[in-house]
Amino acid sequence: MTGRNPRHSTRSKDVERALLRRERSAQLEAALGRLPVDYRAALLLKYVEGLSYQQVGAVLLLSEAAVTSLLYRARVEMRRLLG
C-alpha cells in the first residue's frame, strides 16, 4: 500500500477543477467586460439566454445576416482577448 488516500486524491482533483473553472469564468467575465456593447449583447443573448439568430436579431433590431456577422466578430474579439 502506498499510503495515499484515494479520497484525498479525488478531492484534490475536484478542488483543482473547481479553481480552474473559477479562474476561466473570471477570465471570460473580464473579456466580456472589455467587448463593445453590441458584441457583448449579441454573445449573451445567443450563448447565455439561448436565443436563435432570428431572436437575437429581433431583440437587437438587426437582420439575421447582421447577427451572423456580429457574432462572428464578437467571437473573434473574444479569442483575441483570451489569448
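Tabulated data for the structure shown
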| quantity | calculated |
| --- | --- |
| Criterion: within 22 Å of residue 83 (Cβ to Cβ) and at pLDDT 95 or above - qualifying residue of 42, 65 | 42 |
| Matching residues in segment 62-81 - criterion: being under 14 Å from residue 34 (Cβ atoms) and touching a Lys or Arg at 6+ places or on another chain (Cβ under 9 Å) | 74, 77, 81 |
| Residue count for segment 70-83, restricted to those that are assigned to a helix (DSSP H, G or I) and on the phi > 0 side of the Ramachandran plot | 0 |
| The listed residue being surrounded by fewer than 11 Cβ atoms within 10 Å (Cβ to Cβ), more than 15 Å from the chain's Cα centre (by Cα) and at pLDDT 95 or above, out of 59, 37 | 37 |
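The values are calculated or read from the model by the stated rules, or taken from the named source; none is laboratory data. Computed from a predicted model, the values in this text were never measured in an experiment. Glycine gets a Cβ as well: all are built from the backbone with ideal geometry, and neighbour counts include every protein chain shown.
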